[in-house]
Each structure stands twice: as structure tokens, then as C-alpha cells.
1. May I ask you to verify whether Ile77 is touching a Gly at 6+ places or on another chain (Cβ under 6 Å) and buried (at least 23 other Cβ atoms within 10 Å of the Cβ)?
2. Farther than 30 Å from Phe313 by Cα and part of a loop (DSSP other than H, G, I, E, B): which single residue out of Leu37, Leu72, Leu44 fits that description?
3. Would you mention how many residues in the range 155-167 are in contact (Cβ under 8 Å) with a residue 12 or more places away in the chain, more than 9 Å from Ile314 (Cβ to Cβ) and part of a loop (DSSP other than H, G, I, E, B)?
4. Which residues, counting only those in the range 81-140, are free of Cβ contacts under 8 Å to residues at least 24 places away in the same chain and either touching a strand residue (DSSP E or B) at 6+ places or on another chain (Cβ under 7 Å) or among the aromatic types (Phe, Trp, Tyr) (or both)?
5. Would you mind finding the one in Leu166, Leu182 that is under 24 Å from His117 (Cα atoms) and out of contact with any Lys or Arg (no Cβ under 6 Å at 6 or more places or on another chain)?
6. Out of all the residues in the range 290-317, which are more than 16 Å from Gly234 (Cα to Cα), touching a Leu at 6+ places or on another chain (Cβ under 9 Å) and either outside the structural domain of Leu219 (by TED's automatic domain parsing) or of a type outside the set (A, V, I, L, M) (or both)?
7. Starting from residues that are under 22 Å from Arg330 (Cβ atoms) and either of a type outside the set (A, V, I, L, M) or assigned to a loop (DSSP other than H, G, I, E, B) (or both), keep the ones in the range 266-279 and report whichever is farthest from the chain's Cα centre (by Cα).
Amino acid sequence: MSRKVLITGGAGFVGSSLGLGLKNRYPDWKIIALDNLKRRGSELNIPRLGDAGIEFVHGDVRNKSDLDPSLLNVDLILECSAEPSVLAGYTSPGYVLETNLVGTINCLELARQTGAHFLFLSTSRVYPISYLNALNYTETPTRFQLSDEQSLPGVSGFGISEDFPLDRARSLYGTTKLASELIIAEYAEAYGLKTVIDRCGVLTGPWQMGKVDQGVFALWVANHYFKKSLKYIGYGGSGKQVRDFLHVADLLDLIDIQITHLDKFQGKTFNVGGGVDFSLSLYETTKLCQEITGNVIPIEGVADNRTGDMPIFITDSRKVMEPSGWQPQRDGKTLISDLYEWIRQNERQLAGIF
């Protein structure tokens with residue numbers, strides 16, 4: 001079926017990756033990428049989108065007028081726009097609220113007026129920080145590791161599931177995403193919209209302009225490539241804090257399944273991440289970066305924890321795996337190698353950003 005698709009945040013890392021991937025798989029689809037180009041480096045994706053036949057619209061989800069249904073009469077909206085930094089919620093709360101909450105409402109209004117299906121990229125950051133920091137874990141020579149025995153529901157050796165409690169504070173960023181989820185459910189009930197919510201963990205891969213507060217794996221490879229220093233921040237400065245990761249190509253595979261078999265997934269919320277087998281500590285990431293780039297850089301240990309951080313997060317994605325048959329395919333070595341090759345091939349463009 002030929003489709004007309006709007007991707008918000010469409011020049012960002014995730015939005016552009018999904019747009020280019022879907023256009024490659026479905027050349028007859030009309031895909032529109034809308035983005036305000038706030039994040040540095042997103043402008044580099046405009047030529048890539050154009051070369052693929054994707055229409056770029058310079059717009060902002062905060063502005064209702066930029067989401068005119070007469071101009072954007074689509075049948076599917078992939079809501080990828082966000083201020084994705086937890087730390088931004090402490091320094092720029094107004095922008096986070098307007099983009100992540102008001103922006104979602106404006107996108108839902110467009111869906112209501114056009115009848116478009118709606119897939120929303122939420123975040124694992126909806127889960128409360130204090131509960132995550134209370135998890136039982138052990139320490140190995142290279143990482144922290146979740147224990148099988150936990151006092152809270154919704155957590156096991158597989159990681160954090162959708163049943164993990166939500167009744168405490170989680171950061172302003174996480175709250176805007178959780179509030180958006182609730183409003184999406186109301187729009188679906190009131191107006192018959194078909195919706196899917198994916199609570200994504202750490203998404204990563206080529207064309208992610210990583211920074212210290214978001215996009216850590218891309219930042220780690222870039223700093224090794226360009227021989228810049230780094231820091232292990234918090235937890236004694238050991239670098240043993242752990243995140244599972246999901247290569248953006250694996251996310252594309254899942255979303256392709258979800259939007260082409262929407263009846264299996266509509267109205268549901270899923271945790272989406274790599275899980276235990278696709279997780280790395282910062283220390284382990286450093287070793288992979290050294291192996292693949294051939295460079296060893298200075299890394300300072302900072303003992304004090306950073307606001308909003310946690311020692312370990314692993315996503316339990318079994319709920320979405322069952323109906324989809326999907327599983328992540330790209331491991332840590334593949335991820336770091338892909339990031340390295342991307343930077344090597346685009347060194348001149350990326351040097352000023354990293």
C-alpha cells in the first residue's frame with residue numbers, strides 16, 4: 001500500500017534514519033521530514049533526505065501553523081521530535097515542555113484532522129529515577145550487573161519491563177514523555193486514532209551527533225577518533241555504569257513491522273531496547289573504541305554522580321518481541337565499527353561538530 005508519511009524531527013538522527021530506511025524499502029511512499037534544525041548537525045541530513053526523494057519542511061512542532069492539515073494531509077505520523085536531553089530539563093524547562101508535550105499535542109491534532117495513524121517514540125526515562133537507583137546490582141571487573149532478586153515489580157535479570165512502577169518523579173524530560181503517552185491514549189479513545197507507543201532506551205548509530213548528555217556511544221567513538229579526552233562521571237569514576245543500546249537499523253526493522261501490521265500493535269505501549277545481550281558499560285565501550293580506532297585517549301574519573309543519572313538500565317523488550325518476531329541483530333562491536341566508519345568517511349563535515 002502506498003502511504004503518505006510525516007516524520008517529525010525528520011532531520012534528526014532517529015527521524016532521518018527512519019525516513020531514509022523506509023524510503024529505501026518503499027520507494028513509492030511519499031515521505032515528509034519536518035524539523036526545526038535546532039540540534040547542530042541536523043542540517044547535514046537535508047541533502048541526504050533530498051537525494052532520497054524525501055521532502056524536507058523547515059518547521060517546528062511547537063507551532064500549530066507549521067502542522068497545517070491542508071499541506072500535510074498524511075496517513076501516518078512518526079512522532080520522533082524531542083528535546084532528548086534529561087539535563088536540558090534542569091536548564092531549559094520551557095523548551096522541553098513546549099517541544100515534548102505541546103509539540104505532541106499539536107501532532108495529535110494533525111492526526112485527528114487527517115485520520116492519520118500515530119506512532120510515538122517515547123523513552124525509558126518515564127521510569128522513576130529513585131526506583132531505578134534502588135535496584136540491586138553486583139559489580140564485575142568491567143561493569144555493574146542487575147541481580148535476579150529485586151524488591152520492585154517489573155524488573156528481573158532481563159531488565160525493566162512495562163510493569164515497572166511509575167508513581168515517583170522521573171525528570172522533567174521523562175515526565176513530558178509520560179504525559180504525552182497519556183494524552184495519546186485519550187486521543188485514541190476519543191477520536192478512534194490507531195496509535196503505538198515505543199518506550200525506547202538508548203538509540204544509537206551513524207549520523208548521531210552525540211553529546212555528553214545524549215548520544216554517549218557516538219560521542220565516545222568520536223572522541224577516540226579525534227583524540228579528545230573523556231570523563232567517567234559518577235559511581236566512583238570507574239566507568240562501570242551500563243546501558244543497553246539499540247542500533248537505529250534495528251529500530252527501523254521493528255517500526256517497519258509495526259506500521260505494516262498495525263492491528264497487532266495498535267493501542268499498546270512497548271519497551272524497546274537491546275536488552276542484556278546488547279549492553280555496554282563505559283569501560284567496555286572504551287576497550288572497543290581502542291580496538292577499532294587504534295587510539296588511546298585520556299579518560300578522567302569523576303567520583304560524584306551527575307543529576308538524574310543511574311548506575312544501570314537494561315530494557316526488557318519481551319512484550320514487543322512476541323507479536324513481532326523481532327530481535328536486535330547488531331551487537332556492540334558492529335555498533336562501534338559502524339560509528340567509526342561513518343566518522344572516517346565524513347571526517348571533514350563532522351570535525352567541527354565533534
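1. no
2. Just one listed residue meets the conditions, Leu72.
3. 6
4. Tyr95, Thr138
5. After applying the criteria, what remains is Leu182.
6. Pro298, Thr315, Ser317
7. Restricting to residues being under 22 Å from Arg330 (Cβ atoms) and either of a type outside the set (A, V, I, L, M) or assigned to a loop (DSSP other than H, G, I, E, B) (or both), the top hit is Asp277.
Condition check ((1) of a type in the set (D, E, K, R); (2) outside the structural domain of Tyr235 (by TED's automatic domain parsing)) across all residues:
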{"site": "Gly103", "(1), (2)": "no, yes"}
{"site": "Leu108", "(1), (2)": "no, yes"}
{"site": "Asn133", "(1), (2)": "no, no"}
{"site": "Arg143", "(1), (2)": "yes, no"}
{"site": "Leu152", "(1), (2)": "no, no"}
{"site": "Pro165", "(1), (2)": "no, yes"}
{"site": "Thr176", "(1), (2)": "no, yes"}
{"site": "Glu181", "(1), (2)": "yes, yes"}
{"site": "Glu186", "(1), (2)": "yes, yes"}
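The values are calculated or read from the model by the stated rules, or taken from the named source; none is laboratory data. Just so we're clear, the structure is a prediction, and the values are computed from it rather than from any experiment. Reconstructed Cβ throughout: ideal geometry from the backbone, glycine too, with neighbour counts over all protein chains shown.
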